[in-house]
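The values are calculated or read from the model by the stated rules, or taken from the named source; none is laboratory data. Predicted model only: the values in this text are computed from it and were never measured. Cβ atoms come from the backbone with ideal geometry, glycine included; neighbour counts cover every protein chain shown. For the accessible areas, the whole protein counts, side chains as well, though only heavy atoms, and no ligand, DNA or RNA atoms are used. Shrake-Rupley method; radii C 1.70, N 1.55, O 1.52, S 1.80 Å.
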Amino acid sequence: MMRSNLFKIVALVIVTMLNFSYSFAEKNEVKKEKEFNVGEMIMHHIKDAHEWHLFGPEHGGTSIYLPVILIDNGLKVFSSSNFYHGAKDSVLDETSKEYIYFNKGKGAAKDYALCHEKIYKLEEGKLHFKEGHPHNAKPLDFSITKNVLSLFMGTFLTLIILLSVVRFYKKNGAVAPKGVAKFLEPIIIMVRDDIAKANIDHHKYQKYVPYLLTIFFFIWFNNMLGLIPFLPGGANLTGNITVTFFLAFCTLIVTVFSGNKNYWGHIFWMPGVPVPMKFFMMPIELIGIITKPFALMIRLFANITAGHIIVLALISIIFINKNVAWGGLSVPMALFISVLELLVAFLQAFLFAMLSSLFIGAAVEEAHH
Amino acid sequence: MDLILPDFGLLFWTALVFCCLLFVLTKFIWKPILSAVNAREQKITEALELADKTRAEMQALQAENDKILKEARAERDNILKEAKEAGNTMIEAAKSKSKLEADKIVEAARLSINSEKAAAMEELKNHIATLSLEIAEKVVRGELASDEKQKALADKFAGDINMN
C-alpha cells in the first residue's frame, strides 16, 4: 500500500517535471548556441588530457594545467597552459567535412601544437593533416597527464590506506583486526586463499600472492577513484587501454617466466593427441599465450570505460534537453549505475586477479598422469 | 581510434609507478600483513589443537574417574554384601542360641513344674490320707456311737463272714 502510494507520487513528480522541461525547452530554442555534443564531451572525458578540468565551460573554464615533459633534443618541461591558452586554429577535414580544432603552443611550447590531446611538432608553424589526422612528427611525450596524476594519487592513496593497515599489525601483533585492517583483511585473505591458493599449486602459490594482491588493490582502488566525479578521482585510468595493456603484460610476463616443462610441453607438443594434431595445436596454443592476457586487457578497459560512458550519458540527458528538471530522471538512473559501478569496480579487480592466478596456476602446474 | 591505442608516455609512467608500487607493497605491506595473519592463524590453530588435546585429556581423566568410582562402588557393594552376610550369620547364630536357651529354660520349667506337681500330689495324697483317716475315724466313731450300732455292725460283719 505504502509502496504503491510512493510509486504514484514519484510518477507524478516525473510527469510534472517532463511537462515543465518541455515548456522551457521551447523557450530556449530561440537562442542559437553552439550545439552540445554529447559524444564529443564523453570521448573527451574518457581519454587522457594535459589539463585537469575542474568546472566551467570546456574552453575558458577552470582547469589545473599539468606539466608537459617532452624529450626532443633534450628535456623540455613547461605548463600545458602554453597550449590551452595558445592560439586556437582549425582545419577543414576533407573526408568528414568537419573542422578539426587544435592549439598552437606559445612561449616554451612555441614549436609544438596540441591536437586531440596529442602533441605534434610544428613544421614551419603548421600542422599537416592527412585523412583527418596530423602526420607531423611527435616528440617523446612523458607529460604528467590527467591519467598520470590520477595514477600518482591512486598509488598514494593505496599506500596511505595499506600503511595504516600494516601499522595496526606492527603495533598489535597477531590479534583480531580492528578499523581499516578489519575491513581489508578479509579481502587480503580472499586474494590469498580464494584467488591464489585455489588456482596455484599449494607449494608454489605463496610466491605469487604479493603480485596478485598488488594487482587486485591497484585495480580496485583506481576503479573506485575513477567513480568519484571530482578532483582526487574522475580520471578514466583503469579504463585506459595503456594501463590495462601494461597490467595484462605483467601477467603475461609472470606467466611466461613461471612456465615449467609441463606447461611448455602442453604448448609445443600437446600430450595425448595424435602427432598431426600436435602440429596443429602448436600455433593455437602459442596464440593462446597472447590471447589470454589480451582478453584481460580488453575486459578491464571495456568495463570501466563503459561505466564512465553510461554515467556521463545519463547526466548528459539534462544538458541535451537543456533543463535541470530532467535531473529527476537522469540523477536516479546515474546513481543506480554508479552503485552498480562500485560492484563492477570490485568485480573487475577480482576477475583480473582471478584470471591472472588461473593463468599462472596453469603455467606452474605439475604433470599428473 | 586513439582510444584503443597505447600511449607511450602513460605506459612509461604506469610501468614505473606499478613496479615501484609492487616493490614497496611486497616489501613493506604484504609481507608484514601476511606474516601477521599467518602468525595469528598459527596461534588459532595451536589454540584449537591445545583445546582438543585438553579435551582428550579431560575425557581420559573422566574415564579414569569413572573407572575408580565404579571400582569403589563395586567394593562398597561387596563390603555391604559381606556385612549383610555376617549380620545374617550372627543373627542366625544368636537365634539358634537363644532357641536353645529358651528350650533349656522351658525344659527346666517343665521339670520344675513336674517335680512341684509330684510334690503337690504327694502332699495332696498325704493330706487325703489324713483326711480319709479322720473321716474314717469320724465314721467309725459314728458307727460305734451306740451299742445297737456296734452290735448291728458286728452282725453285719458276722453275716459277711458267714456268707463266705
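Just so you know, in region B:10-40 the residues that are open to solvent by 50 Å² or more (accessible area, probe 1.4 Å) and aromatic (Phe, Trp, Tyr) include one that is farthest from A:Leu140 (Cα to Cα), and it is B:Phe28. For region A:122-145, a tally of residues being within 22 Å of B:Trp13 (Cα to Cα) and more than 14 Å from chain B (Cβ to nearest Cβ) returns 0. The single condition among (1) within 14 Å of chain B (Cβ to nearest Cβ); (2) modelled with pLDDT of 90 or more; (3) open to solvent by less than 30 Å² (accessible area, probe 1.4 Å) that A:Phe78 does not satisfy is (1).
When each of A:Pro210, A:Pro271 is tested for being within 9 Å of chain B (Cβ to nearest Cβ) and not aliphatic (A, V, I, L, M), the lone residue that passes is A:Pro210. Can you say whether A:Asn303 is more than 14 Å from every other protein chain (Cβ to nearest Cβ), part of a helix (DSSP H, G or I) and touching an Asp or Glu at 6+ places or on another chain (Cβ under 7 Å), as far as the supplied structure shows? Judged against the criteria, A:Asn303 is not a match.
Checking every residue in region A:220-239 against the condition of being within 10 Å of another protein chain (Cβ to nearest Cβ) and assigned to a helix (DSSP H, G or I) gives zero matches.
A count restricted to region A:107-126 and to residues that are closer than 12 Å to A:Asp89 by Cβ, of a type in the set (Lys, Arg) and assigned to a loop (DSSP other than H, G, I, E, B) stands at 0. Put simply, of A:Leu343, A:Leu300, A:Leu312, A:Leu286 the only residue that is touching a residue at least 40 places away in the same chain (Cβ under 8 Å) and open to solvent by 20 Å² or more (accessible area, probe 1.4 Å) is A:Leu312. For region A:334-369, residues that are of a type in the set (S, T, N, Q) and within 16 Å of the chain's Cα centre (by Cα) total 2. Screening A:Ala176 against (1) surrounded by fewer than 24 Cβ atoms within 10 Å (Cβ to Cβ); (2) facing chain B (nearest Cβ under 10 Å); (3) of a type in the set (A, V, I, L, M, F, W, C); (4) in contact with a Gly (Cβ under 8 Å, 6 or more places away or on another chain) leaves a single unmet condition, (4).
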